[in-house]
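Derivation of every value follows stated rules applied to the coordinates shown; laboratory data play no part. Keep in mind that what you see is a predicted model, and the values were worked out from it rather than measured. Every residue, glycine among them, receives a Cβ derived from its backbone with ideal geometry; neighbour counts consider all protein chains shown.
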Amino acid sequence: MRVTVSEACVGHGVCESLADDVFEVGDDGVSHVLLDPVPVGREDAVTGAVRACPAQALSTSA
């Protein structure tokens with residue numbers, strides 16, 4: 001699984017709170033993907049982060 005952060009990200013940090021090993025809000029105020037592809041066993045946490053993003057700025061692909 002791969003995860004992408006779009007330009008819609010405004011750095012709410014919900015993704016980081018749900019999967020801090022995969023996402024980090026940087027000094028630029030937006031989220032960055034730390035692990036690409038998403039490690040096995042972390043898919044559910046990342047899917048939850050995608051669903052919970054208030055800006056709908058995250059998406060996944062195979």
Please find the FRET efficiency linking Ser61 to Asp27, where r is the Cβ-Cβ separation and R0 is fixed at 30 Å, and quote it to the nearest 0.05.
0.65
So, by mean Cβ neighbours within 10 angstrom, what's the order for 49-61, 9-21 with the highest one leading?
9-21, 49-61
What are the extents of the Cα atoms of the chain along their three principal axes, listed from largest to smallest and rounded to whole Å?
28, 19, 17
